[in-house]
Amino acid sequence: MVRSLWTGASGMIGQQANIDTISNNLANVNTHGYKKQRADFEDLIYQTLKVAGTPATEDTVVPVGIQMGHGVKLADTQRVFTQGALQQTEVATDMAIAGEGFFRIQMYDGSWAYTRNGNFNVDSDGRMVTSNGYWLLPDIIMPELFLPDTINVTKDGRVSVRIPVDGDLVEVDVGRIDLYRFPNPVGLTAVGENLFKVSAASGDPIPGRPGYEGMGSIQHKFLEMSNVAVVQEMVNLIIAQRAYEFNSRTIQTSDNMLGTATTLKR
């Protein structure tokens, strides 16, 4: 009887974690480059009361044993790296990755991070940076007197811009953007600000030229939207809510049965 109380409690704790994951997905439905998470669960240890195959007589064995489960626990929160919808913005510094790959970012402490969010800007030094001021790598530095509206990024990552020279507009190359992929992208560690960092599970980054050798291409003046499907998340939310209620009902039922047992001597 007491086992069912703890089993029901583990189910409620698990569904609370599930709802926390769903709520974070819904909160980031409009976050550029956000990749939804999925809560995965696994059952807990079993108590074996009778082992299957135990001899019943000299000639027979027990065909089915008795095992009592002890509930559920959260196994992992896996990130789903499916492609998000591409939204046209007409902003010259916006980029989206169509396919596999990440942009590399240098943070203030010199470490590297990776992102799918191509919402870039140009700072006062002419360097292409994220909205938080982190540098895009390899460095893309605009020349003096460049015209911001003339920034052009090809699908293979070549960045060019036009500058005035003797009354004419001359196009000059300012760099090339590389993309990076991972053997196990779901092993990346999310650090906030739309950034991921390498972990022992993700493997080392593999650089590549956009559009070649399986790497995604760059779509200029587009942004990748979140891959969260609101309808699916709402369905998952309803299922999690009902599962939470069912587990609470098992606790109530076990409590009522214990209450009945304690009143037998009246």
In Hz, Karplus ³J(HN,Hα) per residue of segment 212-224 (6.51, -1.76, 1.60; θ = phi - 60°; x = Gly, Pro)
10, 6, x, 7, x, 9, 9, 9, 6, 6, 10, 10, 7
So for PHE146, PHE103, what's the accessible-area order with a 1.4 Å probe, most first?
PHE146, PHE103
With θ taken as phi - 60° and the coefficients 6.51, -1.76 and 1.60, list the Karplus ³J(HN,Hα) couplings across segment 81-87 in order, rounded to whole Hz; mark glycine and proline as x.
9, 7, 5, x, 5, 9, 10
Proximal lysines to LYS36, defined as alpha-carbon separation beneath 30 angstrom and excluding residues fewer than eight positions away on the same chain:
LYS73, LYS155, LYS197, LYS221
How would you rank 214-224, 135-145, highest first, on the average number of other Cβ atoms within 10 Å across their residues?
214-224, 135-145
Could you give the Stokes-Einstein D for the chain in µm² per second, using the C-alpha Kirkwood radius, 4 °C, 1.567 mPa s?
57 µm²/s
Note, segment 167-179: 3J(HN,Hα) by Karplus (6.51, -1.76, 1.60, θ = phi - 60°), whole Hz, Gly/Pro = x, goes x, 10, 9, 10, 8, 10, 7, 10, x, 9, 8, 9, 10
Nearest 10 degrees, 0 to 90: what angle lies between the long axis of helix 230-262 and the longest principal axis of the chain (Cα atoms)?
20 degrees
Can you list residues from other chains, or at least 5 along the same chain, whose modelled amide H is less than 5 Å from the amide H of PHE222?
THR89, MET95, ALA96
Below 8 Å, C-alpha to C-alpha, sequence gap of six or more: please give me the relative contact order for the chain in percent.
25 percent
Leaving out ligands and nucleic acids, note down the accessible area per residue over segment 156-263 with a 1.4 angstrom probe, in whole Å².
55 Å²
At a 1.4 Å probe radius, which order do VAL80, VAL170 fall into by accessible area, largest first?
VAL170, VAL80
Solvent-accessible area of TYR212, probe 1.4 Å, all protein chains present, reported in Å² to the nearest ten, please.
120 Å²
Around MET107: net Lys/Arg minus Asp/Glu count, Cβ-Cβ under 12 Å:
0
With angles folded into 0 to 90 degrees, how steeply does helix 2-27 sit against the dominant principal axis of the chain? Use alpha carbons for both and round to 10.
20 degrees
Interchain or long-range residues, amide H under 5 Å from GLY65's placed H:
ALA52
At a 1.4 Å probe, what is the % contribution of carbon and sulfur to the accessible area of the chain?
54 percent
Potential extension, THR260-TYR108 segment - 0.36 nm per residue separation minus Cα distance
48.3 nm
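The values are calculated or read from the model by the stated rules, or taken from the named source; none is laboratory data. Small disclaimer: the values here were computed from a predicted structure and weren't measured. Cβ: placed from backbone, ideal geometry, glycine included. Neighbour counts: every protein chain shown. Surface areas here come from the heavy atoms of the whole protein model, side chains and all, with no ligands, DNA or RNA. Shrake-Rupley method; radii C 1.70, N 1.55, O 1.52, S 1.80 Å.
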